[in-house]
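First up is the structure itself, then whatever we jot down about it.
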Amino acid sequence: MGGAVEVGNWMRNKETGEAVKVTGIGAFIDYEGDGIDGQVNPATLSSCFDVIVDPTLREDIEFLVKAKVAAGDAEFGLYAFDLAYLAVIDGQDGIELHWFDSTIAAVDVLN
């Protein structure tokens, strides 16, 4: 989950759970999100944010997929992960995620 922060990485605010994207790195780490612009000191980064670099937990994968779809960096659709499939749809209440352990053959649905 954690790792070296780079421009383009997504971070989860530990207090609010909001998603922000790293936009610059210098004396401070600049970030922006849905109506949020800010900076964080690199020395306090880990106490304020989780940097989602290479997610392996479902919670982190769901967070990253939702953040990217909401920002227009990913699309609604079906994503294949090592052991499962994730359907990302535009639901009545926003972005919905549905996990499936296997696929269903089209012939089973059509017959």
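The values are calculated or read from the model by the stated rules, or taken from the named source; none is laboratory data. In this text, all values refer to a predicted model and were calculated from it rather than measured experimentally. No Cβ is skipped: glycine too gets one built from the backbone with ideal geometry, and neighbour counts run over all protein chains shown.
Numbers at a glance
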item	result
Test: VAL53 is under 19 Å from VAL7 (Cα atoms), crowded, with 16+ Cβ neighbours inside 10 Å, modelled with pLDDT of 95 or more and not acidic (Asp, Glu)	no
Any chance ILE36 is under 20 Å from PRO55 (Cβ atoms), surrounded by 11 or more Cβ atoms within 10 Å (Cβ to Cβ) and over 13 Å from the mean Cα position of the chain (by Cα)	no
Candidate set: the stretch 24-33, residues that are buried (at least 16 other Cβ atoms within 10 Å of the Cβ) and closer than 17 Å to LEU64 by Cα; chosen: the one nearest to the chain's Cα centre (by Cα)	GLY33
Residue match in the stretch 85-98 (condition: under 15 Å from ASN9 (Cα atoms) and surrounded by 13 or more Cβ atoms within 10 Å (Cβ to Cβ))	no
Number of the condition not met by ALA87 [criteria: (1) small (Gly, Ala, Ser); (2) more than 22 Å from TYR31 (Cα to Cα); (3) part of a helix (DSSP H, G or I)]	(3)
Members of the stretch 20-42 that are hydrophobic (A, V, I, L, M, F, W, C) and at pLDDT 95 or above	VAL20, VAL22, ILE25, ALA27, PHE28, ILE29, VAL40
Evaluation of GLU75 against (1) loosely packed, with under 13 Cβ neighbours inside 10 Å; (2) in contact with a strand residue (DSSP E or B) (Cβ under 9 Å, 6 or more places away or on another chain); (3) farther than 29 Å from ALA105 by Cα (one fails), failing number	(3)
Of the criteria (1) out of contact with any strand residue (DSSP E or B) (no Cβ under 7 Å at 6 or more places or on another chain); (2) surrounded by 11 or more Cβ atoms within 10 Å (Cβ to Cβ); (3) touching a residue at least 24 places away in the same chain (Cβ under 8 Å), which one GLU15 fails	(2)
Of the criteria (1) hydroxyl-bearing (Ser, Thr, Tyr); (2) assigned to a loop (DSSP other than H, G, I, E, B); (3) touching a helix residue (DSSP H, G or I) at 6+ places or on another chain (Cβ under 9 Å), which one SER102 fails	(3)
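So that you can scan it fast, the table gives a plain yes or no per residue for (1) in contact with a Cys (Cβ under 6 Å, 6 or more places away or on another chain); (2) among the charged types (D, E, K, R); (3) touching a residue at least 24 places away in the same chain (Cβ under 8 Å); (4) not in a loop (DSSP other than H, G, I, E, B):
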{"site": "THR44", "(1), (2), (3), (4)": "no, no, no, yes"}
{"site": "ASP54", "(1), (2), (3), (4)": "no, yes, yes, no"}
{"site": "PHE63", "(1), (2), (3), (4)": "no, no, yes, yes"}
{"site": "VAL69", "(1), (2), (3), (4)": "no, no, yes, yes"}
{"site": "LEU78", "(1), (2), (3), (4)": "no, no, no, yes"}
{"site": "LEU83", "(1), (2), (3), (4)": "no, no, no, no"}
